[in-house]
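Everything on this sheet refers to the single structure shown next.
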Amino acid sequence: MNEGEGRAEIAARWLVEALESGNPLAPFPAELAPADALDGAEIAAAILEQTGHVACGVRILRRPDGSSLAGPVTEGRLLPAAATVALASLRHTSATAALLGVLASSLEPEEAGPPILARLHPAIDLAATRFSEVPDDEPSCIADLALLGYLVIGKSRPWPSSDVRVALGAADSRARGVLLDLDAAFLEAATSARALGGLPAGAVLVVAGLTPAQAPQVGSVLAARFAGIGKVESRFA
């Protein structure tokens, strides 16, 4: 242990090694496991510091049980819609529809209310883990960058005049999808971002987990469709 190195920094080194080597990580030993969401966020922040990455925003991942994970987004995890994602680079990949907003004004920790967005992008969120299995506790998931894999980003679109339907499926699918309350979704994301210290104008705010998760297969193409906004496709190899 380096002098002055804390538990979060030591736990982060485990995850950094898994990030850089691609080798799966066993569950945290008891002495390093985060006790709560704050501990998990400290480990995630230490990962960015140790790897030299700078967060460009905050992403929340909505989960089927109604909970959500919040964590950083880095530019290296944002991919254009034309990119092909190599599934071998991810572990336990889970795809959901997502929306990425670019902030027109800052989110200050002491403020409340919905964010003001300059642009809105349809996206496909690819959640993944650095562990050999997806952790079954929320703090470890948060420490694992809130299961951040990649985000495939489509072209910017105007904010729709009403709530939208969103669906994720094969490129030729015509599923009706589910109705999404955009205001509530981005208010939730803004609240999480403020709890993590806020964000400056120009940062990104991501809401993922907007559809039931799907496991992409090699050679497949998934499309996320947002009525009144547009769609984005992701190819997998």
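Things to note:
- The residues neighbouring Leu107, those whose beta-carbon lies less than 13 Å from its own, together hold a net charge of -3 under the Lys/Arg +1, Asp/Glu -1 convention.
- Relative to the longest principal axis of the Cα atoms of the chain, helix 182-195 runs at roughly 20 degrees.
- Note on the range 54-175: semi-axes of the ellipsoid equivalent to its C-alpha gyration tensor, largest first and rounded to whole Å, are 23, 20, 15.
- Expected 222 nm ellipticity per residue - DSSP helices of 4 or more, -39500 (n - 2.57), all of the chain, to 500: -6500 deg cm²/dmol
- Three semi-axes describe the equivalent ellipsoid of the range 173-237; taken as square roots of 5 times the Cα gyration tensor eigenvalues and ordered largest first, they are 27, 16, 11 Å.
- The chain, accessible surface, carbon-and-sulfur percent (1.4 angstrom probe): 53
- On Cα atoms only, tilt of 7-21 relative to the major axis of the chain in degrees: 60
- Point-charge dipole on Cβ atoms (K/R +1, D/E -1) for the range 105-237, about Cα centre, debye to 20: 860
- Working from Cα pairs under 8 Å separated by at least six residues, relative contact order for the chain is 27 percent.
- Rg and Dmax of the range 33-123, both derived from C-alpha coordinates alone, stand at 15.0, 42 Å.
- Chain lengthening between Ser105 and Ser89 when straightened (0.36 nm per residue, less Cα-Cα): 2.3 nm
- P(r) tail for the range 99-150: Cα pairs beyond 18 Å make up 54% of the total.
- Multiplying the residue separation of Ala170 and Ala201 by 0.36 nm and removing their Cα-Cα distance gives an extension gain of 7.7 nm.
- Note on Trp159: accessible area is roughly 110 Å² with a 1.4 Å probe, heavy atoms of protein only.
- For the range 217-231 and the range 42-56, distance of Cα centres in Å: 30
- Within a Gaussian network of the chain (alpha carbon springs, distance under 10 Å), most fluctuating of Glu75, Glu133, Glu110: Glu110
- Here, the range 153-210 is characterised by an Rg to Rh ratio of 1.02, where Rg is the alpha-carbon radius of gyration and Rh the Kirkwood radius.
- Over 28 Å [Cα-Cα, the chain], rounded percent: 28
- Take the chain with all the other protein chains still there, run a 1.4 Å probe, and you get 47 Å² of accessible area per residue.
- Diffusion coefficient of the range 111-217 by Stokes-Einstein, Kirkwood radius over Cα pairs, 25 °C, 0.890 mPa s: 156 µm²/s.
- Crossing angle, helix 37-51 versus the chain [Cα axis fit, 0-90 degrees, rounded to tens]: 80
- Summed side-chain charge close to His121 - residues other than His121 whose Cβ falls under 10 Å, Lys, Arg +1, Asp, Glu -1: +3
The values are calculated or read from the model by the stated rules, or taken from the named source; none is laboratory data. Note that the structure is a prediction, hence the values are computed from the model and not measured. Glycine gets a Cβ as well: all are built from the backbone with ideal geometry, and neighbour counts include every protein chain shown. With ligands, DNA and RNA removed, areas are computed over all heavy atoms of the protein, side chains included. Shrake-Rupley method; radii C 1.70, N 1.55, O 1.52, S 1.80 Å.
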